[in-house]
Amino acid sequence: MAITLPADPAPNGATPFLRDFGGVLTPSLGGPELRINRVGTRFGLRVTMPPLLSDEAGRLFVARLLQARFDRLLMEWPLLDFDPGTPGAPLISAAVSGGSVIGIKGLAAGYQVREGQFFSIVHGGRRYMHMFTAAATASGAGVIAAATIFPMLRSNLAVNDVLEIAKPMIEGNVLPGDELSWELDVARLVGLAFSVVEAA
């Protein structure tokens, strides 16, 4: 089960990044380059935290990160000043086996998703980060029949899988391939910087 990082205090800096598993084929004799898109492109987040009191939030954050290193970390995706509003209780409306289009039900009537808006999908107990690539408005019944998303789906989706639009969450590995360390200073503050990268 993923380890949840507390929402408070919030990071004082975050750098989203994209892990691209596609590539560009470059001909050796000067022909046109060919972009190859592959399933598996996913997101990561480099995070810095404000100074944390060592016997309060500092101890808790370090404990959660150490546990997550051997499991998965779950934390909020930063939205800054973007207000997603009140989307209702959105769910996947039809099973999907791949691609970049999903059907959504359970939205508040007239709710509009916006281009560049991030959200997460929960399937099989794991979260997947995605972004809407075009604006769309829910019908009076709370349905968007075909919402376009990025990146391509990395898992089959089932009817009634949950969409987290109001509070998207990223779930993944902590600092894959690197050591996990934290700073302790004489003011009894803890300094933390880490990365979380989607594993699937």
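Derivation of every value follows stated rules applied to the coordinates shown; laboratory data play no part. Values in this document were obtained by computation on a predicted structure and should not be read as measured data. Glycine gets a Cβ as well: all are built from the backbone with ideal geometry, and neighbour counts include every protein chain shown.
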Inset, instruction - Compute the whole-percent fraction of alpha carbon pairs in the chain spaced more than 32 Å apart. - result: 26
Legend entry - Point-charge dipole on Cβ atoms (K/R +1, D/E -1) for the range 88-167, about Cα centre, debye to 20: 140
Legend entry - Estimated inter-spin distance, F150 and I36, nm [label 7 Å along Cα→Cβ]: 2.2
Legend entry - Taking E171, E183 and counting other C-beta atoms within 10 Å, the order from fewest to most: E183, E171
Legend entry - Spacing of the two label points (7 Å from each Cα toward its C-beta) at K167 and L53, in nm: 2.3
Inset, instruction - Taking only Cα atoms and a 10 Å spring cutoff, compute GNM fluctuations for the chain and point out the largest among V24, V190, V159. - result: V24
Inset, instruction - Of the options A200, P176, V159, report the single residue whose Cα projects farthest towards the positive end of the charge dipole of the range 158-200 (beta-carbon charges: Lys, Arg +1; Asp, Glu -1). - result: V159
Inset, instruction - Treating the Cα atoms of the range 92-169 as identical point scatterers in vacuum, please give the log10 of the normalised Debye intensity I(q)/I(0) at q = 0.15, 0.21, 0.26, 0.27 Å⁻¹, two decimals. - result: -0.43, -0.90, -1.45, -1.56
Legend entry - With at most 15 neighbouring Cβ atoms within 10 Å, loop trypsin sites (Lys or Arg not before Pro) (DSSP) excluded, longest segment of the chain: 39-113
Legend entry - For V190, residues with placed amide H under 5 Å, excluding near neighbours: L52, L53, S54
Inset, instruction - Return the calculated 222 nm mean residue ellipticity for the chain, to the nearest 500 deg cm²/dmol, obtained by summing -39500 (n - 2.57) across DSSP H runs with n ≥ 4 and dividing by the residue count. - result: -1500 deg cm²/dmol
Legend entry - Sorted by Cβ neighbour density within 10 Å, fewest at the top, the residues T26, T48: T26, T48
Legend entry - Potential lengthening between Q67 and R19 on full extension [0.36 nm per residue; Cα-Cα distance subtracted]: 14.9 nm
Inset, instruction - Please state the charge dipole magnitude for the chain, taken about the Cα centre, from unit charges on C-beta atoms (+1 on K and R, -1 on D and E), reported in debye and rounded to the nearest 20. - result: 560
Inset, instruction - May I ask you to derive the FRET efficiency for A134 and A200 from their Cβ-Cβ distance with R0 = 41 Å, giving the value to the nearest 0.05? - result: 0.95
Inset, instruction - Can you tell me the FRET efficiency between T86 and A10 if r is taken as the Cβ-Cβ distance and R0 is 30 Å, rounded to the nearest 0.05? - result: 0.90
Inset, instruction - Evaluate E = 1/(1 + (r/R0)^6) for V143 and M1, where r is the Cβ-Cβ distance and R0 equals 35 Å; express this FRET efficiency to the nearest 0.05. - result: 0.60
Inset, instruction - Quick one: among P32, P87, P50, which has the greatest mean-square fluctuation in a GNM of the chain with alpha-carbon springs under 10 angstrom? - result: P32
Inset, instruction - At most 14 other Cβ atoms within 10 Å plus a DSSP loop assignment makes a site exposed; report the longest stretch of the chain without any exposed chymotrypsin sites (Phe, Trp or Tyr not before Pro). - result: 83-200
